1. Go through (1) closer than 28 Å to residue 91 by Cβ; (2) loosely packed, with under 12 Cβ neighbours inside 10 Å; (3) modelled with pLDDT under 75 for residue 34 and report which single condition fails.
2. Would you confirm whether or not the range 7-18 contains a residue that is over 21 Å from residue 89 (Cβ atoms), at pLDDT 75 or above and part of a helix (DSSP H, G or I)?
3. Can you tell me which residues in the range 42-61 are at pLDDT below 80 and surrounded by 10 or more Cβ atoms within 10 Å (Cβ to Cβ)?
4. Could you run through the range 62-86 and say how many residues are assigned to a helix (DSSP H, G or I) and surrounded by 11 or more Cβ atoms within 10 Å (Cβ to Cβ)?
């Protein structure tokens, strides 16, 4: 647990990732997520004709959305807590680093 009294005594104390987040966070994409990202990139690369109106774009999105497997969408929803934890952890580390190693020491 973070102790502000220890922090104020030693300005050079740096907290570990475990102390800040109370658990390890995986920043890497899984192989499955990487493959899904590559598939989306391939599909986007195949789309050569730009849409000229919002209605054309909307109809194209509706048509493509119907082909997305439900398990792919569920997989993305299931990965969100891990991704949010990673983003929050990264932000905390940036704040701590910017403040000289301690969140409470200005």
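1. (3)
2. Taking every residue of the range 7-18 in turn, none turns out to be over 21 Å from residue 89 (Cβ atoms), at pLDDT 75 or above and part of a helix (DSSP H, G or I).
3. 43, 47, 51
4. Here the count works out to 11.
The values are calculated or read from the model by the stated rules, or taken from the named source; none is laboratory data. Remember, predicted model here, so these are calculated numbers, not experimental data. Cβ sites come from the backbone with ideal geometry, for glycine too, and all protein chains shown count toward neighbours.
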